[in-house]
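> Attaching a single structure in structure tokens format; questions to follow.
The values are calculated or read from the model by the stated rules, or taken from the named source; none is laboratory data. Only a predicted model underlies this, so the values are computations on that prediction, with no experimental measurement involved. A quick note on method: Cβ atoms are made from the backbone with ideal geometry, for glycine too, and the neighbour counts reach across all protein chains shown.
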Amino acid sequence: MKGKVYLVGAGPGDYKLLTLKGLECIKEADVIVYDRLANLNYLKEAKPNCEFIYVGKASSNHTLPQEDINRVIANKAKEGKIVTRLKGGDPYVFGRGGEEGQLLKEEGIDFEVIPGVTSAIGGLCYAGIPITHRDHASSFHVVTGHLRDDDKENPEINWNALANIRGTLVFLMGVANLKKISENLIKEGKSKDTPVALISWATRYNQRVITSTLEDVYETAVRENVKPPTLIAVGSVVGLRDTLNFFEKKPLFGKNIMVTRSRTQSSSIVEKIMDLGGNPIEIPTIKIEKIENNTELENEISNIKDYTYLVLTSKNAVEIFFDKLEEMNLDTRALANLKVCAIGSATAKEIKSRGIIADIVPKAFVAESLFDELKDKLTKEDNILIPRAKNARDYLVDKLSEICTVKEVHTYESVIDTSKKGEILDILEKEELDFITFASSSTVRNFVEIIGQDNLDKINSSKVISIGPITSATAEELNINVYKEAEKATIDKIVEAITIC
Ligand code: SAH
């Protein structure tokens with residue numbers, strides 16, 4: 001087996017600023033070598049047994065010298081592994097990707113380079129600064145601010161040229177040398193009034209932009225305690241920020257939002273929060289445990305012809321049911337004679353991905369709503385199969401049973417995940433959480449059980465958003481003040497409730 005290395009540009013930080021090719025390399029990797037500028041959430045896309053190696057360095061504090069990084073990558077590839085080297089921004093923009101590539105070539109190791117959105121361009125963009133503009137700058141220059149000791153005879157950087165060319169200047173790794181950079185430019189003739197922007201953690205929820213002039217920028221940076229990673233943008237394009245700043249205007253920009261759903265269900269809310277500029281912090285309070293060797297489910301699937309309705313109430317229920325169908329060597333034709341009902345649009349979407357369009361999808365994501373839709377359609381001859389969670393509410397089965405025959409089969413159980421207590425308390429202490437969302441009564445109960453009643457004061461400063469009246473009632477019972485309730489029990493409405501707070 002032959003190994004291979006992918007040098008992948010992970011983009012500037014916003015999760016979605018990664019190329020499709022880059023994502024493919026992450027999914028395929030046996031080993032991922034990453035540093036601190038790559039968004040860590042990409043690691044979640046890796047294969048289950050992928051090995052992660054952190055080689056990050058925080059400015060001068062080197063974790064692993066470059067030679068050692070090169071060695072690790074080459075050795076893993078020689079073991080026949082697919083190695084993805086994730087680098088912030090673009091691998092060839094001050095990322096030493098060229099050196100890594102040269103070494104791989106020397107060692108006869110196959111490699112590919114996947115470009116990324118460099119922070120030099122993408123970071124400015126998210127700060128509302130176009131790197132070129134016909135009225136302001138017809139060129140741009142990306143310069144390292146990590147200056148080696150100045151050799152007066154043969155300076156590393158031609159300051160005179162930089163000061164006099166009428167293009168946008170972008171310095172990377174320049175915070176520590178900001179004084180030198182601004183002084184050199186002024187000395188060589190650049191106007192003291194030239195606008196400068198300092199952009200820290202560009203494209204992330206915690207992006208911070210400070211504007212100043214070439215003359216004052218050093219003092220401003222000291223006063224504002226500007227730290228790496230920061231981009232220094234110099235030029236009149238900085239002035240366009242007032243008009244072109246779209247990112248910091250997003251409704252959830254800068255907000256920390258704790259999302260308490262089970263891992264498998266939280267992705268849609270997480271994605272929406274990110275799209276609106278917020279920082280979703282996922283807290284798994286429940287985990288899904290499938291009931292193994294489910295002969296009851298097998299029996300009912302064997303008798304599926306006797307049923308007139310199949311009710312699926314969650315994505316998990318859909319997955320387990322259809323997997324079992326497949327395992328029994330059946331396909332969707334086995335369901336041709338019955339009507340399929342889904343609670344919630346996410347459930348309906350999952351059913352669709354299995355090749356069936358649900359016949360009935362109630363407007364609200366609750367059992368009551370499904371019952372309302374079904375009650376006039378059913379007759380006592382109907383026979384309903386509901387494969388669902390063991391600890392689900394009785395309501396639906398009880399009400400439907402008043403009309404016709406109902407068979408409930410337990411296919412999974414959502415169990416409390418207490419292993420996360422330390423992690424959750426850590427987050428409650430360290431992060432300033434603006435919002436905490438609860439999307440079901442059980443997540444509220446589990447959350448309180450995991451952290452303990454005596455730690456509830458830790459969430460006093462956060463606003464609690466609940467998905468609906470049942471969840472709110474549970475929260476209040478457990479002494480949690482609900483700040484706002486979603487208008488309807490959907491993820492979209494939860495997000496909307498947060499947005500208009
Ligand atoms: N290859 C990277 C740059 C690596 S050098 C790229 O193409 O973006 C590291 C420097 O890049 C940091 O010191 C900082 O100046 C800049 N940088 C990278 N990502 C950044 C971000 N999200 N926000 C601000 N600066 C960033």
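> Go through the residues of the range 154-167 one by one and say whether even a single one is outside the structural domain of Pro12 (by TED's automatic domain parsing), part of a loop (DSSP other than H, G, I, E, B), acidic (Asp, Glu) and touching a strand residue (DSSP E or B) at 6+ places or on another chain (Cβ under 7 Å). Don't jump to the end; show me each part of the working.
Start the filter on the range 154-167 by keeping residues that are outside the structural domain of Pro12 (by TED's automatic domain parsing), which leaves 154-167.
Then drop every residue that is not part of a loop (DSSP other than H, G, I, E, B), which leaves 154-158, 165-167.
Now narrow it down to the ones that are acidic (Asp, Glu): 156.
Keeping just the survivors that are touching a strand residue (DSSP E or B) at 6+ places or on another chain (Cβ under 7 Å) gives none.
No, that holds for no residue.
> Restrict the check to the range 213-220 and report whether at least one residue is in contact with a Ser or Thr (Cβ under 6 Å, 6 or more places away or on another chain), away from the ligand (no atom under 16 Å from the Cβ), at pLDDT 95 or above and more than 18 Å from His146 (Cβ to Cβ).
Scanning the range 213-220, I find at least one residue that is in contact with a Ser or Thr (Cβ under 6 Å, 6 or more places away or on another chain), away from the ligand (no atom under 16 Å from the Cβ), at pLDDT 95 or above and more than 18 Å from His146 (Cβ to Cβ), so the answer is yes.
> Identify the single condition in (1) free of Cβ contacts under 8 Å to residues at least 40 places away in the same chain; (2) part of a helix (DSSP H, G or I); (3) not charged (D, E, K, R) that Ile427 does not satisfy, given that it satisfies every other one.
Only one criterion in (1) free of Cβ contacts under 8 Å to residues at least 40 places away in the same chain; (2) part of a helix (DSSP H, G or I); (3) not charged (D, E, K, R) is unmet by Ile427, namely (1).
Conditions tested, residue by residue: (1) among the small types (Gly, Ala, Ser); (2) surrounded by fewer than 17 Cβ atoms within 10 Å (Cβ to Cβ); (3) more than 18 Å from Leu231 (Cα to Cα).
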{"residue": "Val117", "(1), (2), (3)": "no, no, no"}
{"residue": "Ala120", "(1), (2), (3)": "yes, no, no"}
{"residue": "Ala127", "(1), (2), (3)": "yes, no, no"}
{"residue": "Phe140", "(1), (2), (3)": "no, no, no"}
{"residue": "Arg166", "(1), (2), (3)": "no, yes, yes"}
{"residue": "Leu172", "(1), (2), (3)": "no, no, no"}
{"residue": "Ile181", "(1), (2), (3)": "no, no, no"}
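> So, in the range 94-108, of the ones that are crowded, with 20+ Cβ neighbours inside 10 Å and of a type outside the set (Gly, Ala, Ser), which residue ends up farthest from the ligand (Cβ to nearest atom)?
Top of the filtered list is Leu104.
> Pick out the one residue from Thr230, Thr260, Thr213, Thr295 that is over 29 Å from Glu188 (Cβ atoms), of a type in the set (Val, Ile, Thr) and either touching a helix residue (DSSP H, G or I) at 6+ places or on another chain (Cβ under 9 Å) or in the same structural domain as Lys190 (by TED's automatic domain parsing) (or both).
On the way: Thr230 fails: over 29 Å from Glu188 (Cβ atoms); Thr213 fails: over 29 Å from Glu188 (Cβ atoms); Thr295 fails: either touching a helix residue (DSSP H, G or I) at 6+ places or on another chain (Cβ under 9 Å) or in the same structural domain as Lys190 (by TED's automatic domain parsing) (or both).
The match here is Thr260.
> Which of the residues belonging to the range 180-204 are more than 16 Å from the ligand (Cβ to nearest atom) and in a helix (DSSP H, G or I)?
Glu183, Asn184, Leu185, Ile186, Lys187
> From the list Val270, Val170, Val237, which residue is in contact with a strand residue (DSSP E or B) (Cβ under 7 Å, 6 or more places away or on another chain), more than 16 Å from the ligand (Cβ to nearest atom) and under 21 Å from Phe140 (Cβ atoms)? Working first, answer last.
Working: Val270 fails: under 21 Å from Phe140 (Cβ atoms); Val170 fails: more than 16 Å from the ligand (Cβ to nearest atom).
It is Val237.
> Related question: Just one of the numbered conditions (1) part of a helix (DSSP H, G or I); (2) more than 16 Å from the ligand (Cβ to nearest atom); (3) in contact (Cβ under 8 Å) with a residue 40 or more places away in the chain; (4) not assigned by TED's automatic domain parsing to the domain that holds Phe322 is not true of Ile281; which one?
Ile281 satisfies every listed condition except (1).
> Can you pull out the residues in the range 220-232 that are in contact with a strand residue (DSSP E or B) (Cβ under 8 Å, 6 or more places away or on another chain), more than 12 Å from Ala176 (Cα to Cα) and not polar (S, T, N, Q)?
Glu224
> What is the number of the single condition among (1) farther than 20 Å from Leu40 by Cβ; (2) within 16 Å of the ligand (Cβ to nearest atom); (3) of a type in the set (A, V, I, L, M); (4) touching a residue at least 24 places away in the same chain (Cβ under 8 Å) that Ile210 does not meet?
In the conditions (1) farther than 20 Å from Leu40 by Cβ; (2) within 16 Å of the ligand (Cβ to nearest atom); (3) of a type in the set (A, V, I, L, M); (4) touching a residue at least 24 places away in the same chain (Cβ under 8 Å), Ile210 misses (4) alone.
> When the range 205-253 is examined, which residues are found to be part of a helix (DSSP H, G or I) and small (Gly, Ala, Ser)?
So in the range 205-253, the residues part of a helix (DSSP H, G or I) come out as 217-223, 236-244, 247-249.
If the condition is that a residue be part of a helix (DSSP H, G or I) and small (Gly, Ala, Ser), then Ala221, Ser236, Gly239 are the ones that fit.
> Please verify whether the range 126-139 includes one or more residues that are within 16 Å of the ligand (Cβ to nearest atom) and within 25 Å of Val33 (Cα to Cα).
Applying the first criterion (within 16 Å of the ligand (Cβ to nearest atom)) to the range 126-139 yields 126-129, 131.
Subsequent filtering for residues that are within 25 Å of Val33 (Cα to Cα) retains none.
Checked the range 126-139: no residue is within 16 Å of the ligand (Cβ to nearest atom) and within 25 Å of Val33 (Cα to Cα).
> Can I ask one more? Mind listing whichever residues of the range 173-221 are more than 21 Å from Phe247 (Cα to Cα) and of a type in the set (A, V, I, L, M, F, W, C)? Even if it seems obvious, please write down each step before you answer.
Of the range 173-221, the ones more than 21 Å from Phe247 (Cα to Cα) are 173-194, 213-221.
Hits for the range 173-221 are Met173, Val175, Ala176, Leu178, Ile181, Leu185, Ile186, Leu214, Val217, Ala221.
> A follow-up question, please. Pull out all pairs, ordered by first then second residue, where Cβ-Cβ is under 8 Å, the residues are six or more apart or on different chains, the first lies in the range 238-250 and is more than 11 Å from His133 (Cβ to Cβ), and the second is assigned to a helix (DSSP H, G or I).
Matching pairs, first to second residue: Phe247/Tyr126.
> Let me ask another. Checking Val361 against (1) crowded, with 16+ Cβ neighbours inside 10 Å; (2) touching a Phe, Trp or Tyr at 6+ places or on another chain (Cβ under 8 Å), only one condition comes out false. Which one?
Evaluating Val361 over (1) crowded, with 16+ Cβ neighbours inside 10 Å; (2) touching a Phe, Trp or Tyr at 6+ places or on another chain (Cβ under 8 Å) leaves (2) as the failure.
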